[in-house]
Amino acid sequence: MANVRVQLKLRGLNALMTSREATAAVVRSAKKIQAAAGEDFEVDVVPHRWTARAYVRAKNARGMREEARNKVLTRALNAAKES
C-alpha cells in the first residue's frame, strides 16, 4: 500500500468556509432551528475571519424563560438535521 501525503491549503479552506454559499447554508440551518424554537428566538449572523457563523438566541425575556424552564431552543436543535 502506498503512502499518501495530504497538505491542506489554509487560505483556500478559509475562503471556502467564509464563502457566500457556506454562510447561506449556516444561516439556513439557523433559521430552521429558530422556526422550530418559536417566535421568542432570533437568528444572529456574526461574521468571523475564518468561518461562517450564525447563532439562535432568545430575543426577549419570555424566550429566556422558555429555554430555562422547558429547553425549547435545545430541543429545536434537531430541526437543523432534517432535510
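Tabulated values for the structure
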read-out	value
Near pairs, Cβ below 6 angstrom, 6+ apart or cross-chain, from region 56-79 (within 19 Å of VAL45 (Cα to Cα)) to any residue that is acidic (Asp, Glu) and assigned to a helix (DSSP H, G or I)	ALA58/GLU67; LEU73/GLU67
First in region 2-22 and free of Cβ contacts under 8 Å to residues at least 24 places away in the same chain and closer than 16 Å to ARG53 by Cβ, second anywhere and loosely packed, with under 10 Cβ neighbours inside 10 Å and of a type in the set (A, V, I, L, M), Cβ under 9 Å, 6 or more apart	none
Number of positions in region 1-56 that are more than 24 Å from ALA68 (Cβ to Cβ), within 13 Å of the chain's Cα centre (by Cα) and of a type in the set (Asp, Glu)	0
ALA58 being of a type outside the set (Lys, Arg) and in contact with a strand residue (DSSP E or B) (Cβ under 8 Å, 6 or more places away or on another chain)	yes
Wholly within the chain, helices (runs of 4 or more DSSP H) carrying at least 2 residues that are surrounded by 15 or more Cβ atoms within 10 Å (Cβ to Cβ)	20-37, 61-70, 72-76
Condition broken by VAL6, with the remaining ones in (1) within 30 Å of ALA61 (Cβ to Cβ); (2) modelled with pLDDT under 95; (3) of a type outside the set (Asp, Glu) satisfied	(1)
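The values are calculated or read from the model by the stated rules, or taken from the named source; none is laboratory data. Computed from a predicted structure; not experimentally measured. Don't worry about glycine lacking a Cβ; one is built from the backbone with ideal geometry, like all the others, and counts go over all protein chains shown.
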